[in-house]
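> One structure, as structure tokens, below. Some questions next.
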Amino acid sequence: MTGRALPFGPSSPIIQAPMAGGASTPALAAAVSGAGGLGFLAAGYRTAQDVRREIAAVRERTDRPFGVNVFVPDFEAARQAPGDDAAVARYRDELAPEAGRYGVTLPEAPGWDDDEWDAKLDLLVDERVPVAGFTFGCPPPEVTARLHDAGSVVMVMVNTPWEAVAAADAGADAVVVQGPGAGGHQAAFLPGPPSWRTPDDLPELVGLVREATGVPLVAAGGIMDGADVAAVLAAGAVAAQLGTAFLRTPESGAHPVHKAALADPRFIRTAFTRAFSGRTARGLANRFMAEHEASAPACYPQVHHLTKGLRRAAAEHGDPEAMALWCGEGYRRSRDLPAAALVETLTEELAAARNRRIRPAGEERERGLVHGLKKGGDDTVA
């Protein structure tokens with residue numbers, strides 16, 4: 001840890017996850033930060049100028065700290081792009097009937113791009129954002145140094161202990177430990193040993209990362225209420241990051257069809273897919289995933305660019321069966337509450353969960369003490 005004060009922790013451990021694609025709005029980020037949590041803007045899929053306007057909009061609404069999250073480009077994938085062109089072209093042919101169904105034209109040859117990486121880094125520094133977050137990779141040390149000079153705290157999302165170590169070595173002030181139950185894209189960026197199996201239990205994963213690095217940990221993935229927050233804090237995290245929990249808030253920019261699907265009994269499970277973007281992500285299992293997952297190439301962001309018009313058209317038609325309905329495993333517990341009210345509710349639930357954790361131990365101590373007194377001996381209660 002470099003001495004920069006984190007704008008979250010035991011006293012305010014609620015972080016609103018940056019959700020690219022429209023869900024994370026200035027209104028949502030400002031409401032969460034204003035309520036005592038940490039709100040986040042998502043810079044992914046947006047131009048640097050759009051992000052600059054959103055930063056200004058947050059600052060108009062609150063003077064509290066907030067974060068901006070940026071996608072780290074896979075430059076190695078860019079060098080491999082020529083070999084991916086044929087796979088993307090085949091997938092485009094497969095999706096032609098989908099395009100006809102929704103009345104859209106698919107792009108001819110969607111290419112790789114870096115999502116305005118350099119422009120967004122310059123923006124983060126220029127705007128001196130309180131928290132700079134990174135997903136899909138780890139920024140190099142020179143980037144974290146620039147951000148530190150600008151006064152920013154740097155957070156990097158990781159899926160494994162070795163990714164956390166790499167982020168700490170690059171100068172990250174904190175890492176976001178993303179479990180497999182998280183909605184949206186998995187952030188994994190470093191290969192691991194063949195024997196590695198990611199624990200399904202998020203607190204267990206937090207514990208494993210805690211053993212590997214001393215930087216502060218934020219837990220993410222399937223966290224929906226205060227009891228979930230308490231569990232990851234008990235495992236060693238200093239804060240919890242929630243995305244799906246905020247999707248149904250009025251401040252969320254998620255499409256109304258997406259919000260409705262979270263409570264629709266027709267959608268009974270989530271699943272991983274790369275059919276929409278070319279990168280593994282979790283969302284509500286629907287027709288598009290079932291029909292195209294097996295043939296979707298692992299080509300990100302080319303597949304994202306290929307399907308975004310389809311997804312937008314499906315939303316306009318009110319059809320959730322061809323939308324990327326990103327959400328975590330706990331989506332059924334999402335609540336239709338204003339964002340500030342949800343932060344307050346989560347905080348109250350966290351306090352209650354902590355009290356429940358503490359009380360049994362205290363009661364056990366009291367029972368032991370009484371037992372010793374009744375015996376009239378010198379029994380010591382540890």
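> Does Gly103 count as surrounded by fewer than 17 Cβ atoms within 10 Å (Cβ to Cβ), at positive phi and either touching a residue at least 24 places away in the same chain (Cβ under 8 Å) or in contact with a strand residue (DSSP E or B) (Cβ under 6 Å, 6 or more places away or on another chain) (or both)?
The answer is yes for Gly103.
> So Glu127 clears everything in (1) within 24 Å of the chain's Cα centre (by Cα); (2) closer than 27 Å to Arg274 by Cβ; (3) among the acidic types (Asp, Glu) except one condition, right? Which one?
(2)
> Please determine, by comparing only the residues of segment 12-42 that are surrounded by fewer than 24 Cβ atoms within 10 Å (Cβ to Cβ) and among the aliphatic types (A, V, I, L, M), which one is farthest from Val153 (Cα to Cα).
Restricting to residues being surrounded by fewer than 24 Cβ atoms within 10 Å (Cβ to Cβ) and among the aliphatic types (A, V, I, L, M), the top hit is Ala27.
> Separate question: Inside segment 62-106, can you point out the residues that are closer than 27 Å to Ala290 by Cβ and β-branched (Val, Ile, Thr)?
Val88, Val104, Thr105 - these are the residues of segment 62-106 that are closer than 27 Å to Ala290 by Cβ and β-branched (Val, Ile, Thr).
> Also, quick follow-up: In segment 291-311, which residues are farther than 17 Å from Asp93 by Cα and free of Cβ contacts under 8 Å to residues at least 12 places away in the same chain?
Those that are farther than 17 Å from Asp93 by Cα and free of Cβ contacts under 8 Å to residues at least 12 places away in the same chain: none in segment 291-311.
> OK, next. Within segment 292-332, how many residues are assigned to a loop (DSSP other than H, G, I, E, B), within 24 Å of Leu242 (Cβ to Cβ) and not acidic (Asp, Glu)?
Selection size over segment 292-332: 6.
> Is there a residue in segment 185-196 that is among the polar types (S, T, N, Q) and assigned to a helix (DSSP H, G or I)?
The answer is no, given that none of the residues of segment 185-196 is among the polar types (S, T, N, Q) and assigned to a helix (DSSP H, G or I).
> Answer yes if at least one residue in segment 254-262 is charged (D, E, K, R) and either part of a loop (DSSP other than H, G, I, E, B) or not assigned by TED's automatic domain parsing to the domain that holds Arg92 (or both), and no otherwise.
No: segment 254-262 contains no residue that is charged (D, E, K, R) and either part of a loop (DSSP other than H, G, I, E, B) or not assigned by TED's automatic domain parsing to the domain that holds Arg92 (or both).
> Also, I was wondering about something else. Restricting attention to segment 165-196, which residues are among the small types (Gly, Ala, Ser) and more than 30 Å from Ala285 (Cβ to Cβ)?
Correct list: Ala166, Ala167, Ala168, Ala170, Gly171, Ala172, Ala174.
> Within segment 214-227, can one find any residue that is more than 24 Å from Asn355 (Cα to Cα) and surrounded by 24 or more Cβ atoms within 10 Å (Cβ to Cβ)?
No.
> So, in segment 276-295, exactly how many residues are under 18 Å from Pro107 (Cβ atoms) and crowded, with 24+ Cβ neighbours inside 10 Å?
Counting residues in segment 276-295 that are under 18 Å from Pro107 (Cβ atoms) and crowded, with 24+ Cβ neighbours inside 10 Å gives 4.
> Filter segment 228-247 down to the residues that are closer than 17 Å to Asp173 by Cα, touching a residue at least 60 places away in the same chain (Cβ under 8 Å) and surrounded by fewer than 24 Cβ atoms within 10 Å (Cβ to Cβ) and list them by number.
Once the filter is applied, which keeps residues that are closer than 17 Å to Asp173 by Cα, touching a residue at least 60 places away in the same chain (Cβ under 8 Å) and surrounded by fewer than 24 Cβ atoms within 10 Å (Cβ to Cβ), segment 228-247 yields only Val238.
> Looking at (1) under 25 Å from Met155 (Cβ atoms); (2) not β-branched (Val, Ile, Thr); (3) not in a strand (DSSP E or B), which one does Ala240 not meet, given that it meets all the others?
Going through the list (1) under 25 Å from Met155 (Cβ atoms); (2) not β-branched (Val, Ile, Thr); (3) not in a strand (DSSP E or B), Ala240 breaks only (3).
> Could you list all residues from segment 159-180 that are in a strand (DSSP E or B) and either without any contact (Cβ under 8 Å) to a residue 40 or more places away in the chain or not β-branched (Val, Ile, Thr) (or both)?
Across segment 159-180, the qualifying residues are Ala174, Gln178.
> Select from segment 316-341 the residues that are buried (at least 21 other Cβ atoms within 10 Å of the Cβ) and hydrophobic (A, V, I, L, M, F, W, C) and write down the one among them that is nearest to Gly181 (Cα to Cα).
Cys327
> Further question on the same structure: Quick check on Arg61: is it surrounded by fewer than 20 Cβ atoms within 10 Å (Cβ to Cβ) and under 17 Å from Asp115 (Cα atoms)?
It is false that Arg61 is surrounded by fewer than 20 Cβ atoms within 10 Å (Cβ to Cβ) and under 17 Å from Asp115 (Cα atoms).
The values are calculated or read from the model by the stated rules, or taken from the named source; none is laboratory data. All figures in this text were calculated on a predicted structure; none of them were measured in a lab. Ideal geometry is used to build each Cβ from the backbone, glycine not excepted, and the neighbour counts take in all protein chains shown.
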